[in-house]
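Below is one structure, written out as structure tokens; comments come after it.
The values are calculated or read from the model by the stated rules, or taken from the named source; none is laboratory data. Being a predicted model, the structure only gives us computed values, none of them experimental. Note: ideal-geometry Cβ built from the backbone for every residue, glycine included; neighbour counts use all protein chains shown. The accessibility values were calculated without ligands, DNA or RNA, using every heavy atom of the protein model including side chains. Shrake-Rupley method; radii C 1.70, N 1.55, O 1.52, S 1.80 Å.
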Amino acid sequence: MDHQDSVEAGRLFHFDNLFAVGEASYGMIDLLQIGEIACERGYEIALHPQVCMELSYIVSGSGSFVIGDTMLQVQAGDLVFNNPGYPHAIHAGASDVLRFVYMGFQFNDRTAPDFAEIRDYLASEPYRLARDNHSMLIPFLRGIEEFYTQQPYAEAMIRNTCESILISAYRAFTGSSHSSPHAPQRSPHSVGHTVYAVIRYVETHILELKSIQAIAAELNYNATYLSHAFKHKTGMTLQRYINHKKIEKALELLGYGHLSISQVAEMLGYETIQSFSKAFSRIMGYPPSRYVAEMRRGRE
């Protein structure tokens, strides 16, 4: 593995892992590159040949991706895929830092029939663009972390992470991330089913939750009924459960060390870093700055 951790003019940091063809095979793909880069305002990664398939996830900021003759405007939460054979360039926006994670790969001859649909779909167009709302950030960060720390069974973790990223990307691009219309329907009058539906929704949409009313509307329930049912079944108010799940997600995001406290606060929907710190301290008993400092000391 060729581990590069370099800083160039216009790049705030660049963590990159490069592999020769066949050097890093993980399940159905050969991984050629995985990493993260933060580009200063106005910085440009010059037009260059694209030699493999590549998925990029925009962590923060905005800018544009040039793929062939097309310029795509991107912002935090966007997922971009580009195919080999089309020249590629990246431009950071003029008003903020562009930060993104990426994975360069190619499918190998061990691609299972179940995954051939994903391979063929991705190969069918020069590029794909989807709004992901941060659900794919964790798999990307987890994969980068495995390369960075090289813990036991890292190879198995990386293989699972890469496959998870590709499946999630396919769902995002095809709009098939919602439940199947053919899934068995449970009784809408079952309180247990109602509460389970809420728990699943909160856990899978924690980075985009707006309000209890929004959850109720999405699940086709009355907000007052939903709150009462949840409290009756769990002994905890729905708002308190949401608050705990947000801090749980904050611990996970901050634990990777790739995001600042303010970025995590914004991703979780807090209006200010102060309101996030207050909510964090209320549940954890100490501020997020202390948690970040302890995690950094643990890495030294």
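Please give the charge dipole size of the chain, origin at the Cα centre, charges +1 on K and R Cβ atoms and -1 on D and E Cβ atoms. Round to the nearest 20 debye.
I would put it at about 1700 debye.
Once label points are set 7 Å from the Cα along Cα→Cβ at both H193 and S95, what is their separation, rounded to one decimal in nm?
4.6
Of G235, G175, G192, which has the largest mean-square fluctuation in a 10 Å C-alpha GNM of the chain?
G235
With a point put 7 Å past each Cα toward its Cβ, work out how far Q106 is from Y153 in nm, to one decimal.
Placing both labels 7 Å beyond Cα along the Cβ direction yields 3.2 nm.
Just the accessible area per residue of the chain, please: how many Å² with a 1.4 Å probe?
Ligands and nucleic acids excluded, the figure is 51 Å² per residue.
Considering only protein heavy atoms, what is the solvent-accessible area of K278 at a probe of 1.4 Å, reported in Å² to the nearest 10?
130
Positive end of the dipole of the chain, charges at C-beta (+1 Lys, Arg; -1 Asp, Glu), about the Cα centre: which of A46, S135, I34 has its Cα farthest in that direction?
S135
Once amide H atoms are placed 1.01 Å from N in the peptide plane, what residues at a sequence separation of 5 or more from V66, or on another chain, have their amide H within under 5 Å of its amide H?
Amide H to amide H, under 5 Å and 5 or more residues apart or across chains, V66 pairs with L72, A89, I90, H91.
Size of the chain along its principal axes in angstrom, Cα-based, largest extent first?
Principal extents (Cα only, largest first): 58, 47, 41 Å.
List the equivalent ellipsoid semi-axes of segment 42-171 in whole Å, largest first, each obtained as the square root of 5λ for an eigenvalue λ of the Cα gyration tensor.
With the √(5λ) rule applied to segment 42-171, the semi-axes are 24, 19, 13 Å.
Per-residue accessible area for M236 at 1.4 Å probe radius, Å² rounded to 10?
We get 50 Å² for M236.
Only sites in a loop by DSSP and with at most 13 other Cβ atoms within 10 Å count here; which trypsin sites (Lys or Arg not before Pro) in segment 6-104 make the cut?
none
Choose one of Y256, I242, I206: the residue whose Cα lies farthest towards the positive end of the charge dipole of segment 191-294 (beta-carbon charges +1 Lys, Arg; -1 Asp, Glu; about the Cα centre).
I242
How much FRET efficiency would the formula 1/(1 + (r/R0)^6) give for S25 and S124, where r is the Cβ-Cβ distance and R0 is 22 Å, rounded to 0.05?
With a Förster radius of 22 Å, E is 0.40.
Please say if segment 250-300 is rounded, prolate or oblate, where rounded means a/c under 1.5 for a ≥ b ≥ c the square roots of the C-alpha gyration tensor eigenvalues, and otherwise the choice is prolate for a/b larger than b/c and oblate otherwise?
On the way: a/c = 2.39, a/b = 1.41, b/c = 1.70.
In terms of gyration-tensor shape, oblate.
Over the chain, calculate the relative contact order: mean separation of alpha carbon pairs under 8 Å at least 6 apart, over the residue count, as a percent.
Answer for the chain is 13 percent.
Determine the share of the chain's accessible area contributed by carbon and sulfur atoms, expressed in whole percent, with a 1.4 angstrom probe. Working shown, then result.
On the way: 7690 of 15390 Å².
Looking at the chain in its full context, I get 50 percent from C and S.
May I ask for the distance between the Cα centers of segment 160-175 and segment 116-139, given as a whole number of Å?
Result: 6 Å between the Cα centres.
Give me the aspartates and glutamates in straight-line cross-link reach of K245: C-alpha distance below 14 Å, same-chain residues under 8 apart excluded.
In chain and number order, the partners are E203, E208.
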